[in-house]
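Enquirer: Here it is, the structure in full.
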Amino acid sequence: MKRVHIIHDPYKLNESTVADVENPLEYLKSEFKDGFPEHAKIYKGAIAVENDITEKLQKDELLINLIDDDIFVVIWPAWVQFIFYAVVALTAALSVYMYLTMPNMKAVQEGSANNGLSARVNRVRFNARVPDIFGTIRAIPDLVSQPRTYYENDIEIEECLMCLGVGHYDILDVKDDMTLVSGINGASVSVYNPGNNITGVPYYQVGQTISDQPKLITKSTSINGQTLEEPNDMTVDEQNLYFTSDGVIHSRNVGDFRTALSGGDNIDIFGANFVTSL
């Protein structure tokens, strides 16, 4: 025998129907001759969400006869589901509201690379605490400003102003990644003790003396990475030239400009006289 509980009103459990039957499926069909109620749920053992077997029985109703535990059929009123969906909608609305009105969190200031166990690289730490270094370590100085990169005689030069730490330090060597700076052609490093002018005499030096004043560098948002064409330094100082409309150049025995110019080139004209006729 198997016990089947039919609860017509979940708020009046004392009015539920309890029956011990041999065939629960046939019993339920006899009780619900007009069809299984739309909002009814079937539970195994106890009324709980994790014990809901309604969907499984919809696929194979014969499984109900294999259940050894008590079977609970609860006919929930329609407004219970309405409240559930209303709560879900309200929760979603509150989530969107909180997302739209949530203040922007300030970026967390990264710590000094000397305190990290991985990704130890030079980084800019504006208004951050200067690190205290103790013992003998491979120190990674913090950048005081953005590195400055420029070209001089077709050679790319990068200048970096860094802060090693508080106090005085004995420096044994300086490396760029895993390479000694002394082994890099053209590289220079100057280290200054606290209180000394950074354009004066360095405490530690590799390569040439750095005498230029450091520059405060900020990245411009106006630069888009577009490469400009290199200007042509060709100049002609000649009185036997004149120009007419449609970009036509006329010359009197000056030469053939087709070998010096190509389509789309721009010409700057200086010191020319404008006349209405020749």
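The values are calculated or read from the model by the stated rules, or taken from the named source; none is laboratory data. Only a predicted model underlies this, so the values are computations on that prediction, with no experimental measurement involved. Cβ atoms come from the backbone with ideal geometry, glycine included; neighbour counts cover every protein chain shown. Note: areas computed on protein heavy atoms with side chains; ligands, DNA, RNA excluded. Shrake-Rupley method; radii C 1.70, N 1.55, O 1.52, S 1.80 Å.
Enquirer: Please go through segment 123-207 and write out the chymotrypsin sites (Phe, Trp or Tyr not before Pro) that DSSP classes as loop and that have at most 10 other C-beta atoms within 10 Å. Spell out each step's value before the answer.
Expert: Working: sites: F126, F134, Y150, Y151, Y169, Y192, Y203, Y204; in loops: F126, F134, Y169, Y192, Y203.
Counting only loop positions with at most 10 other Cβ atoms within 10 Å, the chymotrypsin sites (Phe, Trp or Tyr not before Pro) in segment 123-207 are F126, F134.
Enquirer: Here is a further query. Which links in K175/K215; K12/K56; K12/K41 stretch past 21 Å when you go from one Cα to the other? Mind showing how you got there, number by number?
Expert: On the way: K175/K215 23 Å; K12/K56 27 Å; K12/K41 16 Å.
Violating the 21 Å limit, Cα to Cα: K175/K215; K12/K56.
Enquirer: Tell me which residues come under 5 Å, amide H to amide H, from D142 once H is placed; ignore anything under 5 positions away on its chain.
Expert: Hits under the 5 Å cutoff: C163.
Enquirer: Where a Cα-Cα gap under 12 Å defines reach, which aspartates and glutamates qualify for K44, not counting those fewer than 8 residues away within the same chain?
Expert: D52, D68, D69, D70
Enquirer: To continue, here is another question. Keeping the other protein chains in place, figure out the carbon and sulfur percent of the accessible area of segment 136-175, with a 1.4 Å probe.
Expert: 49
Enquirer: Could you work out how far the C-alpha centroid of segment 11-52 sits from that of segment 122-155, in angstrom?
Expert: Between the Cα centre of segment 11-52 and that of segment 122-155, the gap is 74 Å.
Enquirer: Let me ask something else about it. Excluding F36 itself, what net charge comes from residues whose Cβ is under 15 Å from its Cβ, given Lys and Arg +1 and Asp and Glu -1? Mind showing how you got there, number by number?
Expert: On the way: positive: K29, K33, K41, K56, K59; negative: E26, E31, D34, E38, D52, E55, D60, E61.
Computed value for this residue: -3.
Enquirer: Let me ask something else. With θ set to phi - 60°, apply the Karplus curve 6.51 cos²θ - 1.76 cosθ + 1.60 along segment 44-53 and write out the HN-Hα couplings as whole Hz, x wherever there is a Gly or Pro.
Expert: With the stated coefficients, segment 44-53 comes to 10, x, 7, 7, 7, 4, 5, 9, 6, 10 Hz.
Enquirer: Which order do F243, F270, F257 take by accessible area at a 1.4 Å probe, largest first? Walk me through the intermediate numbers first.
Expert: Working: F243 95, F270 170, F257 45 Å².
I get F270, F243, F257, largest accessible area first.
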